[in-house]
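**Q** Quick one: this structure, given as structure tokens, is what I'll be asking you about.
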Amino acid sequence: EACEGGYVNGDGVTDLVDVAGLQRHLAGLESLAAPAKCPGDACDATSIGLLRQALADEAPPATCAAASALACFDPFEANDARAASRYLGSHSDAGTGGSIVATLPPGDDDWFSFRLVDDAGSFEPFAVVSTPAADYDACFYIDCDSGDTASIDCLAGQPASVDGVPGCCSTTGGIANDSVEASVTCGGFGTPEDSTIYVRVFRASSVPAACGPYTLEFGG
């Protein structure tokens, strides 16, 4: 289809052969049969990364004019609402958590979720959003597995809630990192704090209509 990208060898299928072909093109060894299918605004090293991300997610990268004009491809779409959040796996609060790199097209919200298991003495989930050249904000919301409403103390960010689920939001101005962290309890004494954490990344009102990458780090 017109918006399906990645098959730079022109065979209509986006696969690892296209990644190899793009690498050979950048090394000056061969030309591309379908350069218009490179994700982003150029057939460059960034396109290789986007292709690999798309293949890992089993979704071809888009090359529609609107996306290409902004050099913008978000491999985690569609995740514009909490109910459609992209799941980032289960992690222990005694472990290291994880990180991803994503982009935020104009008018977009990104939602992610991860499960945090209570293996340590204190239960303090966190999320940090960092960007090289844009003002993006971050929130997270804590949904206890036990069914109890989480009791939280925001260690970073300000108290907030969505759909009755409590959390914290950071709206730091400028290009500074936005961090949210909370001390959480679920239910009474002895109740595990195992929870699903919903993370929202969105643009500050002053951010212009352009596409920018960001890094999301998360864990407990």
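**Q** Which pairs have Cβ atoms under 7 Å, sit 6 or more apart or on different chains, and link a residue in region 156-181 that is over 20 Å from residue 135 (Cβ atoms) to one that is in a loop (DSSP other than H, G, I, E, B) and β-branched (Val, Ile, Thr)?
**A** Partner pairs satisfying both residue conditions: 166/149.
**Q** So residue 66 fits all but one of (1) closer than 17 Å to residue 105 by Cα; (2) open to solvent by 70 Å² or more (accessible area, probe 1.4 Å); (3) modelled with pLDDT of 85 or more; what number is the exception?
**A** (3) is the only condition that residue 66 fails.
**Q** Report yes if residue 99 is more than 18 Å from residue 78 (Cβ to Cβ), hydroxyl-bearing (Ser, Thr, Tyr) and under 11 Å from the mean Cα position of the chain (by Cα), otherwise no.
**A** yes
**Q** Within region 74-83, identify whether any single residue is basic (Lys, Arg), open to solvent by 40 Å² or more (accessible area, probe 1.4 Å), at pLDDT 85 or above and closer than 30 Å to residue 16 by Cβ, and answer yes or no.
**A** no
**Q** Residue check, residue 20 against (1) at pLDDT 80 or above; (2) under 20 Å from residue 79 (Cβ atoms), all met but one. Which one?
**A** (2)
**Q** Report, by residue number, each residue of region 23-38 that is over 19 Å from residue 74 (Cβ atoms), touching a Ser or Thr at 6+ places or on another chain (Cβ under 8 Å) and either without any contact (Cβ under 8 Å) to a residue 12 or more places away in the chain or not small (Gly, Ala, Ser) (or both).
**A** The answer is 25, and nothing else.
**Q** Can you find a residue in region 48-61 that is surrounded by fewer than 20 Cβ atoms within 10 Å (Cβ to Cβ), at pLDDT 80 or above and on the phi > 0 side of the Ramachandran plot?
**A** No, the conditions are met nowhere in region 48-61.
**Q** Residues being of a type outside the set (A, V, I, L, M, F, W, C), under 27 Å from residue 120 (Cα atoms) and modelled with pLDDT of 90 or more: count how many of those fall in region 156-190.
**A** Result for region 156-190: 14.
The values are calculated or read from the model by the stated rules, or taken from the named source; none is laboratory data. Every value quoted in this text rests on a predicted model; they were computed, and no experiment measured them. When we count neighbours, we look across all protein chains shown, and the Cβ atoms used for this are built from the backbone with ideal geometry, even at glycine. Areas reflect the complete protein model, heavy atoms only, side chains present, ligands, DNA and RNA absent. Shrake-Rupley method; radii C 1.70, N 1.55, O 1.52, S 1.80 Å.
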